[in-house]
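The values are calculated or read from the model by the stated rules, or taken from the named source; none is laboratory data. The structure presented is a predicted model; accordingly, all values stated were derived computationally and were not measured. Cβ placement follows ideal geometry from the backbone for every residue including glycine, while neighbour counts extend to all protein chains displayed. Calculation scope for accessible area: heavy atoms of the full protein, side chains included, ligands and nucleic acids excluded. Shrake-Rupley method; radii C 1.70, N 1.55, O 1.52, S 1.80 Å.
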Amino acid sequence: MKLTTIFSALLSARLVSAALDEKIKTKGKKYFGNVLDLNTIDDDAITDILKAEFGSITPENSWKWGAVQHVRGTFDFTAADMIANWAIENGKLLQGHVLAWHSQLPSWVHRIEDAEDLKSIIETHITTMVGRYKGKIDSWHVVNEVLTDSGDPRDSVFYRVLGEEFIDIAFHAAKAADPGAKLYINEYGLEVAGPKVDALIALVERLSARGVPIDGIGTQSHILSGTLKNYGAQLQALADTGLEVAITELDIRIEEPVTPEKEEQQAKDFKEVTKACLKVEKCVGITLWGVSDNYSWVTSVLPGLYADPLLWDDYIAQKAAYDAVDTALD
Ligand code: XIL
């Protein structure tokens with residue numbers, strides 16, 4: 001037998017036996033997901049991994065407000081549909097990311113000062129976006145990053161003009177447009193105990209108390225390796241609100257320079273996060289924010305500072321972190 005034949009036989013055996021999505025499903029979870037966007041959709045090495053290993057797709061950028069409604073009243077779904085179609089054709093769940101977020105938001109929205117105007121703009125955006133993919137979405141990240149690091153309301157155009165009620169407006173509009181999708185609040189910085197977790201839980205309780213149709217909390221989980229302090233306890237605290245929870249944007253970056261010891265620590269961190277989702281009954285799934293390190297936003301946004309936050313390396317080879325997640329799912 002030729003070496004290449006043996007190699008490809010080994011590779012496919014590996015892909016079949018180790019699919020993270022299949023494994024997490026045997027533990028009663030809904031999905032192990034990953035992101036897809038225009039930067040990776042034509043890279044077969046990445047899409048082959050997505051097909052084999054992951055059961056859910058989150059569009060990394062193409063569904064953001066600035067991408068679909070850059071000009072007021074003009075929607076362009078070319079890129080958004082490409083990602084949606086890929087997910088549907090390949091039998092993956094779709095997580096909708098994202099509806100009301102202060103970032104990657106066009107400047108014309110930032111400039112709105114009139115409350116009625118902003119309310120109707122939010123409703124139009126959400127009705128159009130959610131309506132387009134009605135019946136095809138597992139969950140929507142309805143609002144994203146509405147709190148600061150200390151747990152205060154973030155100073156966005158939404159809060160400034162409408163106050164906390166912008167959150168109600170967004171959720172009600174999403175519910176009306178697709179009653180079947182799970183509606184999430186998505187937030188970063190919920191991995192360790194502190195004022196931000198407390199503020200998020202208090203906010204969710206206020207929303208639920210006034211009848212806002214919220215189903216879940218997404219904890220983004222962009223983590224710096226070595227900083228976790230009982231991740232599982234925080235996940236449980238979020239679940240104790242009674243809502244479902246999901247780990248929506250997992251990556252665990254390493255501070256440069258990367259060393260074998262730091263890679264070992266990263267593998268441990270990935271194991272801790274994976275185990276936490278398995279242990280918390282209301283945790284429905286995990287989404288990684290990228291397949292391989294070379295495509296990660298971490299290296300493009302913070303070059304030189306942090307590196308290698310994912311399960312496959314720059315050459316699309318599985319890392320120790322992959323094995324840690326894989327065995328955590330056994
Ligand atoms: C990031 C993307 O990964 C980058 O490609 C883009 O340049 C900036 O946004 N929180 C979120 C995500 O909710 O949408 C962000 O994604 C990462 C932080």
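Tabulated results
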{"read-out": "Of residues in the stretch 283-294 being farther than 26 Å from Val245 by Cβ and of a type outside the set (D, E, K, R), the one most open to solvent (accessible area, probe 1.4 Å)", "value": "Asn294"}
{"read-out": "Within the stretch 40-54, tally of residues that are assigned to a helix (DSSP H, G or I) and surrounded by fewer than 17 Cβ atoms within 10 Å (Cβ to Cβ)", "value": "5"}
{"read-out": "Count of the stretch 181-199 residues which are crowded, with 17+ Cβ neighbours inside 10 Å and more than 18 Å from Val98 (Cα to Cα)", "value": "5"}
{"read-out": "Hits in the stretch 67-97 - residues which are β-branched (Val, Ile, Thr) and either more than 16 Å from the ligand (Cβ to nearest atom) or at positive phi (or both)", "value": "Val71, Thr74, Thr78, Ile88"}
{"read-out": "First in the stretch 303-330 and part of a strand (DSSP E or B), second anywhere and of a type in the set (Ser, Thr, Tyr), Cβ under 7 Å, 6 or more apart", "value": "Ala307/Thr299; Trp312/Ser292; Trp312/Tyr322"}
{"read-out": "Any hit, the stretch 288-310, residues being away from the ligand (no atom under 16 Å from the Cβ) and in contact with a helix residue (DSSP H, G or I) (Cβ under 9 Å, 6 or more places away or on another chain)", "value": "no"}
{"read-out": "Among (1) part of a helix (DSSP H, G or I); (2) out of contact with any strand residue (DSSP E or B) (no Cβ under 9 Å at 6 or more places or on another chain), the one test that Leu203 misses", "value": "(2)"}
{"read-out": "So Thr274, is it touching a helix residue (DSSP H, G or I) at 6+ places or on another chain (Cβ under 8 Å), within 16 Å of the ligand (Cβ to nearest atom) and either part of a helix (DSSP H, G or I) or open to solvent by 10 Å² or more (accessible area, probe 1.4 Å) (or both)", "value": "no"}
{"read-out": "Residue within the stretch 277-287 that is within 22 Å of Ala19 (Cβ to Cβ), more than 16 Å from the ligand (Cβ to nearest atom), in contact (Cβ under 8 Å) with a residue 60 or more places away in the chain and assigned to a helix (DSSP H, G or I) present", "value": "yes"}
{"read-out": "Residue that is in contact (Cβ under 8 Å) with a residue 40 or more places away in the chain and within 16 Å of the ligand (Cβ to nearest atom), where the choices are Gly216, Gly226", "value": "Gly216"}
{"read-out": "Failed item in (1) under 16 Å from the mean Cα position of the chain (by Cα); (2) under 22 Å from Lys175 (Cα atoms); (3) more than 16 Å from the ligand (Cβ to nearest atom), with His141 passing the rest", "value": "(3)"}
{"read-out": "Residue count, the stretch 304-330 (criterion: more than 15 Å from Val258 (Cα to Cα) and open to solvent by 60 Å² or more (accessible area, probe 1.4 Å))", "value": "5"}
{"read-out": "Qualifying position, being under 24 Å from Ala199 (Cα atoms), in a loop (DSSP other than H, G, I, E, B) and more than 21 Å from the chain's Cα centre (by Cα), among Asp149, Asp155", "value": "Asp155"}
{"read-out": "Those helices (runs of 4 or more DSSP H) lying entirely in the stretch 55-124 with at least 2 residues open to solvent by 60 Å² or more (accessible area, probe 1.4 Å)", "value": "78-89, 107-110"}
{"read-out": "Failed item in (1) without any contact (Cβ under 8 Å) to a residue 40 or more places away in the chain; (2) assigned to a helix (DSSP H, G or I), with Val197 passing the rest", "value": "(1)"}
{"read-out": "Restricting the stretch 158-180 to residues that are assigned to a loop (DSSP other than H, G, I, E, B) and in contact (Cβ under 8 Å) with a residue 24 or more places away in the chain, the residue that is most open to solvent (accessible area, probe 1.4 Å)", "value": "Gly180"}
{"read-out": "Residue count, the stretch 250-271 (criterion: open to solvent by 10 Å² or more (accessible area, probe 1.4 Å) and not in a helix (DSSP H, G or I))", "value": "6"}
